[in-house]
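Engineer: Submitted below is the structure of interest, expressed as structure tokens.
The values are calculated or read from the model by the stated rules, or taken from the named source; none is laboratory data. Quick caveat: nothing in here was measured; it's all calculated off a predicted structure. Cβ placement follows ideal geometry from the backbone for every residue including glycine, while neighbour counts extend to all protein chains displayed. All accessible areas refer to the heavy atoms of the entire protein, side chains included, with ligands and DNA or RNA removed. Shrake-Rupley method; radii C 1.70, N 1.55, O 1.52, S 1.80 Å.
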Amino acid sequence: MTTRLHLQTAAKMAQDAYLPNAKSLGGHSFLIPPLRGDATAFLLKGHILVVQGSNSVADYLKYNFRVLRLGNKRLKMDAKKTEKDRRGAVWHQGFLHHAMEIQSWLKSHGQKPKIIVGHSLGAAATQVLSSAYGVPGIGFAAPRICKHAPSSLRKDRCLLICRSDDIVASVPSGFDHLGDERHLRVTHGPWPRHKMKHYTALLPQLISRKQLPKHWP
């Protein structure tokens, strides 16, 4: 059975992921000890994977700015189905590297997610891992992760929520999102409005107006 999440619950989880020494996210406790460091992720009871965004300068150097190989070996996910579906696609190597670290952590605990939630860098990983595991995802402030994606690669598993005043949702240039994009035209104060709290505050109004679904999927 596919796990469904209320969008406001998903947003609360993503926002709570930034709390230091959090013991739960959105009221959901941890299934296994969190992955902490350059890649930070949480697997909650119900097999809900929550991936935090960038939390240090090292994140930007290691993941966000590593668009191409830069002399390193091209990275591949270890899910055979994903490798086949990805044929012909060009992936942002930093985002792929980040997602692979999370996948290795899950594999070391013998776990797989049923749904994935992420913000910013975490929303990039959400798109990659949603494709790898064949599960739904919800990404807030999602950057673009690939180009030349083949038609065989599912593009509708992830709901990607992007504010028009958030530049992160439009980079890197020449790349595309891998999901159901919802671009929200908003002008609420000074640019940029990238933090998770800027997304969380919008959800009740947008859901009531049916500009966003209440649940996903």
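Engineer: Hey, what's segment 105-217 come to in accessible area per residue, 1.4 Å probe, Å²? Working shown, then result.
Structural biologist: On the way: 4980 Å² over 113 residues.
Spelled out: the 1.4 Å probe surface of segment 105-217, per residue, equals 44 Å².
Engineer: Could you work out the local net charge near residue 6, counting Lys and Arg as +1, Asp and Glu as -1, over the other residues with Cβ closer than 12 Å to its Cβ? Present the calculation step by step, with values, prior to reporting the outcome.
Structural biologist: Details: positive: 4, 12, 214; negative: none.
My count for the surroundings of residue 6 gives +3.
Engineer: With a 1.4 Å probe and all protein chains left in place, how much of the accessible area of segment 87-217 comes from carbon and sulfur atoms, in whole percent?
Structural biologist: Details: 2880 of 5530 Å².
After summing per-atom areas, the C and S share lands at 52 percent.
Engineer: Here is a follow-up. Sorted by packing (mean other beta-carbon atoms within 10 Å per residue), highest first, where do 2-11, 199-208 land? Mind showing how you got there, number by number?
Structural biologist: Numbers: 2-11: 18.6, 199-208: 15.9.
Packing order, densest peptide first, comes out as 2-11, 199-208.
Engineer: On a 1.4 Å probe surface of the protein chains, which of 24, 152 comes out largest in accessible area, and what is the full order? Show your work: numbers first, answer last.
Structural biologist: Numbers: 24 50, 152 70 Å².
In descending accessible area the options line up as 152, 24.
Engineer: Let me know the whole percent of all Cα-Cα pairs from segment 83-189 that are separated by more than 24 Å. Numbers along the way, then the final one.
Structural biologist: On the way: 1075 of 5671 pairs.
Distances greater than 24 Å cover 19 percent of the Cα pairs.
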